[in-house]
Every structure is written in C-alpha cells, then in structure tokens.
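K.L.:
Below is one structure. I have some questions about it.
The values are calculated or read from the model by the stated rules, or taken from the named source; none is laboratory data. Since this is a predicted model, take the numbers as computed values, not measurements. A quick note on method: Cβ atoms are made from the backbone with ideal geometry, for glycine too, and the neighbour counts reach across all protein chains shown. Please note that ligands, DNA and RNA were not included when accessible areas were found on the heavy atoms of the full protein model with its side chains. Shrake-Rupley method; radii C 1.70, N 1.55, O 1.52, S 1.80 Å.
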Amino acid sequence: MVRPKIPPPSKIDALSFPVFGLAWYGHPSVGHDVVDGAGDKRRNRGVSALAYCGGGGSSKTGVLNKIVVAVTADGDDRSGSVTRQIDVSTGEALCFGVHLFRPYDDKLGMIRLLACVADEILLYGIPIVEISSDGDADETGAVLLGRVNVGQGYGANVTTYTPIHKNGLLHHCVAVGCENGLVLLYELKQQQQQQQQQQQQQQQQQHGQVTNIATDFIKIAECTGHTKAVCSINFHPRGTQVLSSAKDGTARIFCTQTGQQLGIMECQVHDPKDPPPLKPEAATNVTTKDPRMMKRPPQILVRGCAYGDLEGKTIYTVASGKRGPAYLTKWKTLVPLASTGLPASSSSGSSSSPYDKTLSIRQEYRIQCSPVPISATSLSSDGTLLALGSVEGTILLYNLDTKSVLKQFQGHDLPVTCLASRPIPNALMLPGESEGGVNYDAISASADNRLGMWTLQRKSRIVVPKQPRKKRQMNALESFFWSILRIPLLLFVLVVLMAVHDMLDLCQEEVKLPALMADVGAAGHCVYREVLWAENSRPGVRSVPE
C-alpha cells in the first residue's frame, strides 16, 4: 500500500515504538530579563515541550516502554533555540497518558510531567536547561518528584492539572480518570524541608535512576458516576469543576472540592432530524420479527470533552459508536437560582461550597463532524480549532465558528491514538518556530510508529532566495561540432535571407493575401521559377548576359 504524500509544510516523522499518549506545553518568550527563584538574573525563556509515551508491550517481554520529552528553549544568546530529548523508561508497564504543565510559583526551573503508568501517577520534573550529571537527576535529565497509587486495578488512563487560588493561596490540583470509571482528585503539596533531607539520605539508585520524592499527592475526593473507562478529562477554567467523558456515552461534571456530581450530559450519535433509537430497556420488550428492530442500541463512546470559553459555560463533546459517523455536541451550562445541591439547613453544621450547586445543562446543537468514528480529540487554547483523529488514521482540523472542516490529512495507517492541539494562540510563536517559519496547529500519533505535525499554513514564512542560474558550459564533443558547423549554418541563414528578399521583390503581387487566397499555385510557381530555380533559357545561366 502506497502511503499518501503529506503536503508541506505539514510533516510526519517515524518513531521506534507505538504511541498511546501525547501532551504539548508551550510558553512564548517574554523577551526581557527577570530574576528567578534563586536570585539569578536571566531571561524569561520561551519554552516548548512535547511528550509522548507508549511502548511494545506490558509484560516482561515488552520493549521500549518509555516516555520521550522533547524540550525546545530559547538560548542564552537570544539568537536561536536549543532542543534536547529526554527519555524516561517505564519498565515493564505501559504509560497511556501524559500531561505537561509549569506551576506559576515554579522555583525549580522545571516543566512538570504527569504520567499514567499502570495504577500509578508519576510526577517528573523536566529541567528547561540541561543540568549537570552530579545533581538529583538521572542520566537522562528527568527528576522524579512524586508518585501515588490510585488503587489496585483502577488503571490510570488520563490526567490533567490546574492551579486554584483559594483564600489567597495557590493550590495545585490534579485529576485522574481511571479505567474503572472513577475520577480521582488530588492536591500536590511540597514536603517539609526536613522530611526532604531525610528522604534524600535514604534514596538509593534503582534501575539507573535516582528518585527525589519531593511532592505529596493529597487525595481530595473520589468522583463516582461513570460506569466505563474514562476517555478525557479537563478542569474548569477557574478550577471549580472537573469535566470528564467516558465510554458509557456520558460526560459528567464534578465539584473539585467535594467530588459531588453537578451535571450529566447524555450524548447521542444519530442525526437530530431522525427519530431517536430505542433505549436498551425498550429494545428488549419489542415483539417483532423484523431483524432491524431486534438490534441492540449502539455503544456510544464519548472520546473528547472540553470547555469552550473562559467562563466555563460552553462545553463541547465528541461522541461516536464503533461504526458510523461521529457527532459534535455543544452544551450550555447554567446555575439555577434554586438548586438541589444547596445544603438543607445551616443547623446541620456542614459548610457548603458555593460551587457545588447542581447545574442546568441544555444542548445547543448536535452536528456530524466526521463520517467515521473518532478515536482522539483535542481543543486549541483559544477554543476555535478542534483537532479530530479518526479510526481510519485521518486528522481533521475543525473550525467551531463555521462548523466546517478546514483541512484534512491522511497521516496514519492505524487509528489515531492521541492528539494535542496548539497550546498557545497562533499569533504567538513558540521557540524554534521563527527559525522554521511554520506554526503547527496540532500533533498526532498512532500505533503505526508515526508522529505527525499538522498546520493550516500553505507554505513556510521563510522565503529562500533563488540562486542565479549558472550558464551551461559545453562539453568537448559539443564544442567540436559547433566549431565545424557554425560557418555552414551562418551561410545557410544568409541564403535564406537573400531568398526572402528576392521573393518580396520578384513575386510581390503573387504573395499578397488576396492573390494567395485566389490562386496559391501561382505564388508557388513564381517563387520556384523566379527565386529558387533558374531555367537554362534564362540569360546568365549558360552564357554571359548582354
């Protein structure tokens, strides 16, 4: 099978292992010097990081189970960017989900990496600049800051992070979506300095990696509601809610403080103009011999969910079955004045949060976004471009304003397993994009060992100056023939010019257009007899004319 050609400047790279998780972090360069946490005056570096995970298996025979992080940062000389790659081995377990972030109060100069490895969540620190090998990092440059086991057999699928400002303090919250349908909420807290020193003394090198446990995962709540594996998870822009979608056909909203379910969205995968399909309980009661009526309702997989505005009132979900088209649904959330989520009375002694009110959710529209099922989704940072990956390996860049596909790429041979949209608006450039002249809008990966980078640009912004064409030099054989034939060719051209002159002089009347249209033969006879050929009877042919 011949793979379709990828139109530039989009590109696709070959990898050494199948990829199941992808994350993209970006921060543009500020362009001035700042004082960091250590008191050093240096440039506030622009940085871009791409993390992808996967491997060859989850047993002892599995190979290349690892996480790869590519970090691109502005150089110290302000004249370019520096890219380096960090590999983190996950041993015998596969990593299915990753998330990159950098806290506002970061004093370590590191990008944080959350990794879903089996039943654990690992927190790594990825230095923005390369550190010396005698520090607390392993030989690849990744520092293990913390870890937590979500539960035996839970299976961590996806994770995300958000900062929350509460009572004048900055809290770091992490949400984890599990294979069993649970959504777990954690808060990251730094350990005391004394505890850090004691643990650093007890650390031992294992598998070529020195661990530095410096962060605790404090469990906040366990959110229940989903009955099947969680596919996607996102925090509210203000951090008060967490949105999740699962393979049970629903998307749900939970309170980040109490874990209470605030709303549920039941997604559908049929055309809104058609009648709705039968529900599972109704399908069992149908008494008919028509085989079409005896079919079970399709399993609905809600592959993606995201907040579409800064207020968190707009929600997008993408759902599809195992076969058939995929549908994009836009939801609107409202907080009713009289909510059942409010406490019954203040005399009970339990304080209620203003954010745990039950939400009123209505569907604004549902529209088909792909003719085949969707396996991965990602929404851009500005909420205007939705990247969709299908089970056929195609990538769709979907405009939410016009409800249309802007561009489609056939990039993978297998279903798209993960997608990451641009982390900052397209008007801003990440490190390395000024040199390449291309702002990529989405990055995709699949189990076909390929990583694709897709853009709406038609060509690079960098114009390569055209080199002046060099005059071709004749070789020895061409020079030899030219030296022999140039004089005869010149004589032939002179003879032709003389013949044309005589024709216009002697056959002027015959070669005019009216005469040619009337009698072409007369013009030909004149040219032949008077110009090209002389008869013997003409003076000067056999004897000197008088």
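K.L.:
Length gain on complete extension for the stretch Gln508 to Lys330, per 0.36 nm per residue less the alpha carbon to alpha carbon distance?
P.N.:
Working it through step by step, the gained length comes to 55.7 nm.
K.L.:
Which FRET efficiency value, to the nearest 0.05, do you get for Arg472 and Asp106 by plugging their Cβ-Cβ distance into 1/(1 + (r/R0)^6) with R0 = 45 Å? Each step should come with its number before you reach the end.
P.N.:
Details: r = 61 Å, r/R0 = 1.35.
Here the calculated transfer efficiency is 0.15.
K.L.:
Over the range 390-480, what percent of the accessible surface lies on carbon and sulfur atoms, probe 1.4 Å?
P.N.:
57 percent
K.L.:
Between Glu364 and Tyr528, 0.36 nm times their residue separation minus their Cα-Cα distance comes to what?
P.N.:
Details: separation 164, 0.36 × 164 = 59.04 nm, distance 8.81 nm.
Extra length available between Glu364 and Tyr528 comes to 50.2 nm.
K.L.:
Continuing with the same structure: With a 1.4 Å probe and every protein chain kept in, tell me what percent of the accessible surface of the range 484-536 is carbon plus sulfur.
P.N.:
Details: 3070 of 4310 Å².
About 71 percent, which is the carbon plus sulfur part of the accessible surface.
K.L.:
³J(HN,Hα) across the range 254-271 via Karplus (A = 6.51, B = -1.76, C = 1.60, θ = phi - 60°), whole Hz, x for Gly/Pro?
P.N.:
Result, rounded to whole Hz: 10, 7, 6, 8, 10, x, 6, 6, 9, x, 9, 10, 8, 8, 10, 10, 10, 5.
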